[in-house]
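The values are calculated or read from the model by the stated rules, or taken from the named source; none is laboratory data. Since we're looking at a predicted model, the values are computed, not measured. Ideal geometry is used to build each Cβ from the backbone, glycine not excepted, and the neighbour counts take in all protein chains shown. Just so you know, the surface numbers come from the protein's heavy atoms only, side chains and all, with ligands and any DNA or RNA stripped out. Shrake-Rupley method; radii C 1.70, N 1.55, O 1.52, S 1.80 Å.
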Amino acid sequence: KAGVTQTPRYLIKTRGQQVTLSCSPISGHRSVSWYQQTPGQGLQFLFEYFSETQRNKGNFPGRFSGRQFSNSRSEMNVSTLELGDSALYLCASSLAPSGGPNTGELFFGEGSRLTVL
Amino acid sequence: AQSVTQLGSHVSVSEGALVLLRCNYSSSVPPYLFWYVQYPNQGLQLLLKYTTGATLVKGINGFEAEFKKSETSFHLTKPSAHMSDAAEYFCAVSEVQGAQKLVFGQGTRLTINP
């Protein structure tokens, strides 16, 4: 069974540009969330999607947005890039957002490393 | 709001020695607690989780953790360290069952000395 796939793995952008990152969850997983990882702030929750609906959003400016498609694949977009957006962006999938034996069990991809110059 | 504090950003132990990584949490409701591990250039992998029931939780790779409500702690241990355990470890908390909105600690980098 293939894991969570994130593309691209590495990218370099300049300030003011925008970027779109893609995430394909594990087959059968309908819930996708995104996290930003930086040396200074650590791992921070961005947003969570289930059945194409945003269920939760972290404390990030509106420049950060996301969406989920009917096949559960997800994208996140960052517009008007700033130097501080340089980070590893991690996508995680889960069977469902509800409880049960899979409670809180997230499967992470290897991340997309964004460098903003 | 919930929060997680990991004591010690770096921990170094000898191969074969006890591994102890400390985690304290703050939560207004009974928490769900997790330990994740991140190897270099990889995503995070779930080691173990506490939701309800037994307070001593066993995970993969010989790790275990004990939930102590009175101490608001969830420390991770392994009796005998192996070179392959070198990685960064993250403690996380969720107040909502099954929620993907986890709050992570700052991480502890574990180094194993031969």
Handout entry: Cα-Cα over 20 Å, subset of B:K49/B:K78; B:K58/B:K78; A:K57/B:K69; A:K57/B:K101
Key = A:K57/B:K69
Problem - Separation of the B:E15 and B:S70 label points, Cα + 7 Å toward Cβ, nm - result: 4.0
Exercise for the section: Mind giving me the nanometre distance, one decimal, between the label points for A:S70 and B:Q45, set 7 Å out from Cα along Cα→Cβ? Expected result: 3.6
Problem - Summed buried accessible area for B+A [probe radius 1.4 Å, Å², rounded to 100] - result: 1900
Practice task
Report the extension gain between A:N56 and A:L117 in nm, rounded to one decimal, defined as 0.36 nm multiplied by the number of residues separating them, less their alpha carbon distance.
Solution key: 19.0 nm
Exercise for the section: Whole number in Å², please: accessible area per residue of the protein assembly as shown, 1.4 Å probe, ligands, DNA and RNA not counted. Expected result: 46
Problem - Where labels lie 7 Å past Cα in the beta-carbon direction, separation of B:S84 and A:T80 in nm - result: 4.9
Practice task
Would you please give the residues with an amide H less than 5 Å from that of A:Q17, counting only those at least 5 places away or on a separate chain, with H modeled from the backbone geometry?
Solution key: A:L81
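Could you tally the net charge around A:Y49, taking each other residue with its Cβ under 14 Å from the Cβ of A:Y49, Lys/Arg +1 and Asp/Glu -1? If you can, show how the numbers build up before the last one.
Values: positive: A:R30, A:R55, A:K57, A:R67, A:R73, B:K101; negative: A:E48, A:E52, A:E75.
Summing Lys and Arg as +1 and Asp and Glu as -1 gives +3.
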Practice task
At 0.36 nm per residue, minus the direct Cα-Cα distance, what do B:V29 and B:N113 gain on full extension? Give it in nm, one decimal, please.
Solution key: 26.3 nm
Handout entry: Euclidean distance between Cα centres, the range B:50-114 to the range A:4-81, Å
Key = 25
Completion exercise
In whole percent, the fraction of accessible protein surface over chain B that belongs to carbon or sulfur atoms, probe radius 1.4 Å, stands at 52
Handout entry: Table column - 3J(HN,Hα) (Hz), the range B:49-62, Karplus curve with 6.51, -1.76, 1.60, x for Gly and Pro
Key = 8, 10, 10, 9, x, 4, 7, 9, 10, 9, x, 7, 6, x
Fill in the blank from the handout: So for chain B, using the alpha carbon gyration tensor with a ≥ b ≥ c as root eigenvalues (a/c under 1.5 gives rounded; past that, a/b versus b/c decides prolate or oblate), I'd call it prolate
Handout entry: Exercise: per-residue mean of other protein chain Cβ atoms within 10 Å, A:31-37
Key = 3
Completion exercise
Taking B:1-9, B:73-81 and ranking on average Cβ neighbours within 10 Å, highest first, one gets B:73-81, B:1-9
Completion exercise
Per residue of A:40-46, other chain Cβ atoms within 10 Å number on average 4
Problem - Three semi-axes of the equivalent ellipsoid, the protein assembly as shown, Cα gyration tensor, whole Å, largest first - result: 29, 21, 16
